[in-house]
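Undergrad: There's a structure below that I have some questions on.
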Amino acid sequence: MDEFAWFMGAFRQLTGIDLTRYKRPQMERRLTNLRDRRGFSSFPAYVQALEADGTLLNELLDKMTINVSEFFRNPERWDTLRNLVCDMGATPRVWSAACATGEEPYSLVMMLSELRRMGHPVLATDIDERVLDRAAAGRYDPLQVRGLDKHYLDRYFSFDGREYQVHADVRENIRFQKHNLLEDDYPNALDLIVCRNVLIYFTDPTKQDILERFSNALKPGGILFVGSTEQFFGMKLPNLAPVAPFMYRRLS
Ligand SMILES: C[S@@+](CC[C@H](N)C(=O)[O-])C[C@H]1O[C@@H](n2cnc3c(N)ncnc32)[C@H](O)[C@@H]1O
């Protein structure tokens, strides 16, 4: 067994995360770079240090999970989504999967509120609990909200001179929960799943498996919205048909 394969086993023991289901070249490059920067020349030596030092392990988890997000990321896609949501029932059931620091579920709540479609709380999940704590706090610095229309800032945030805080009544419309897309059960009877900029990190068989589980989690007619870098060339679209770029509808 090569050393990175050994490391993936040790990492699973430490964190419960199965790295073999993520694309290896990217992951190996990112994690080996970090290991080298911390002065360890082998994975066994690094793992010994990770077992003893929670800060080092958290840093590695940050490197592995890539938690960047934005409000209304790729705004033109959200314009399309708005039109699709208008055709849904009065209170759509929505899941923001791999939500990172929360910009995506907050964008969804703002959109649903403006469309008067807010009923069920939006389910917002991620594998990384630390990032979910930050998401639930709903505090963002001015750089993080720079792309957000002033209308949303005025209506849904307060500013204390340093940070923008999402209003409590917006936060109450989201249920944050830890969820591993590779291991955990999926919810069902959903009208909309938003899962963006995470499938790209997985191997093709894993992506195919997740697509099938997403399809089953939707109601017939429900929508799956994926990231603008995510394409499913050569894959089966299980009971899903494209309705717009990066959006798929469950058929039956
Ligand atoms: C780049 S962020 C995407 C954030 C947001 N969806 C967006 O597009 O702006 C990727 C997120 O996927 C999460 N993630 C990685 N592996 C995961 C898994 N197996 N299950 C659930 N979330 C995962 C990471 O923790 C990270 O927060």
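The values are calculated or read from the model by the stated rules, or taken from the named source; none is laboratory data. Every value quoted in this text rests on a predicted model; they were computed, and no experiment measured them. Cβ atoms come from the backbone with ideal geometry, glycine included; neighbour counts cover every protein chain shown. Areas reflect the complete protein model, heavy atoms only, side chains present, ligands, DNA and RNA absent. Shrake-Rupley method; radii C 1.70, N 1.55, O 1.52, S 1.80 Å.
Undergrad: I'd like the full set of residues that are more than 26 Å from residue 189 (Cβ to Cβ), in a loop (DSSP other than H, G, I, E, B) and free of Cβ contacts under 8 Å to residues at least 60 places away in the same chain, limited to the range 117-143.
TA: 138, 141, 142, 143, listed by residue number.
Undergrad: Going through the range 185-199 one residue at a time, which ones are on the phi > 0 side of the Ramachandran plot and more than 7 Å from the ligand (Cβ to nearest atom)? Show your work before the answer.
TA: Taking the range 185-199 as the starting set, the residues that turn out to be on the phi > 0 side of the Ramachandran plot are 189, 197.
189 - this is the single residue of the range 185-199 that is on the phi > 0 side of the Ramachandran plot and more than 7 Å from the ligand (Cβ to nearest atom).
Undergrad: Looking at the range 89-105, which of the residues that are farther than 18 Å from residue 179 by Cβ and open to solvent by 30 Å² or more (accessible area, probe 1.4 Å) is farthest from the ligand (Cβ to nearest atom)?
TA: Going residue by residue through the range 89-105, those that are farther than 18 Å from residue 179 by Cβ are 89-92.
Narrowing further to those that are open to solvent by 30 Å² or more (accessible area, probe 1.4 Å): 89-91.
Values: 89: 24, 90: 26, 91: 23 Å.
So the residue we want is 90.
Undergrad: Are any residues in the range 34-61 polar (S, T, N, Q), surrounded by 11 or more Cβ atoms within 10 Å (Cβ to Cβ) and more than 13 Å from the ligand (Cβ to nearest atom), and if so, which ones?
TA: Kept after step one, since they are polar (S, T, N, Q), are these residues of the range 34-61: 41-42, 48, 55, 58.
Pick out the ones that are also surrounded by 11 or more Cβ atoms within 10 Å (Cβ to Cβ) and you get 42, 48, 58.
Residues satisfying the conditions are 42, 48.
Undergrad: May I ask you to verify whether residue 138 is crowded, with 20+ Cβ neighbours inside 10 Å and within 16 Å of the ligand (Cβ to nearest atom)? Give the derivation first.
TA: Values: crowded, with 20+ Cβ neighbours inside 10 Å: yes; within 16 Å of the ligand (Cβ to nearest atom): yes.
Taking the combined requirement at face value, the residue satisfies it.
Undergrad: Just to be sure, is residue 13 touching a residue at least 40 places away in the same chain (Cβ under 8 Å) and open to solvent by 30 Å² or more (accessible area, probe 1.4 Å)? Explain how you work it out, then say what you get.
TA: On the way: touching a residue at least 40 places away in the same chain (Cβ under 8 Å): no; open to solvent by 30 Å² or more (accessible area, probe 1.4 Å): yes.
The answer is no for residue 13.
Undergrad: Same structure again: Would you call residue 177 in the same structural domain as residue 205 (by TED's automatic domain parsing) and touching a Ser or Thr at 6+ places or on another chain (Cβ under 6 Å)?
TA: Values: in the same structural domain as residue 205 (by TED's automatic domain parsing): yes; touching a Ser or Thr at 6+ places or on another chain (Cβ under 6 Å): yes.
Yes, satisfied.
Undergrad: Right, here's the next one. What do you reckon, is residue 112 more than 30 Å from residue 28 (Cα to Cα), open to solvent by less than 10 Å² (accessible area, probe 1.4 Å) and either away from the ligand (no atom under 14 Å from the Cβ) or outside the structural domain of residue 243 (by TED's automatic domain parsing) (or both)?
TA: Values: more than 30 Å from residue 28 (Cα to Cα): yes; open to solvent by less than 10 Å² (accessible area, probe 1.4 Å): yes; either away from the ligand (no atom under 14 Å from the Cβ) or outside the structural domain of residue 243 (by TED's automatic domain parsing) (or both): yes.
Judged against the criteria, residue 112 is a match.
Undergrad: Out of contact with any Gly (no Cβ under 8 Å at 6 or more places or on another chain) and either assigned to a helix (DSSP H, G or I) or within 28 Å of residue 146 (Cα to Cα) (or both): is that true of residue 88 in this structure?
TA: Values: out of contact with any Gly (no Cβ under 8 Å at 6 or more places or on another chain): yes; either assigned to a helix (DSSP H, G or I) or within 28 Å of residue 146 (Cα to Cα) (or both): no.
It is false that residue 88 is out of contact with any Gly (no Cβ under 8 Å at 6 or more places or on another chain) and either assigned to a helix (DSSP H, G or I) or within 28 Å of residue 146 (Cα to Cα) (or both).
Undergrad: Could you please give the count of residues in the range 5-60 that are outside any helix (DSSP H, G or I) and under 25 Å from the mean Cα position of the chain (by Cα)? Full working, then the answer.
TA: Filtering the range 5-60 for residues outside any helix (DSSP H, G or I) gives 16-18, 22-23, 38-42, 53.
Adding the requirement that they be under 25 Å from the mean Cα position of the chain (by Cα) leaves 16-18, 22-23.
Going through the range 5-60 one residue at a time, the tally reaches 5.
Undergrad: Output the residues belonging to the range 62-79 that are in a helix (DSSP H, G or I), modelled with pLDDT of 95 or more and within 16 Å of the ligand (Cβ to nearest atom).
TA: 75, 76, 77, 78
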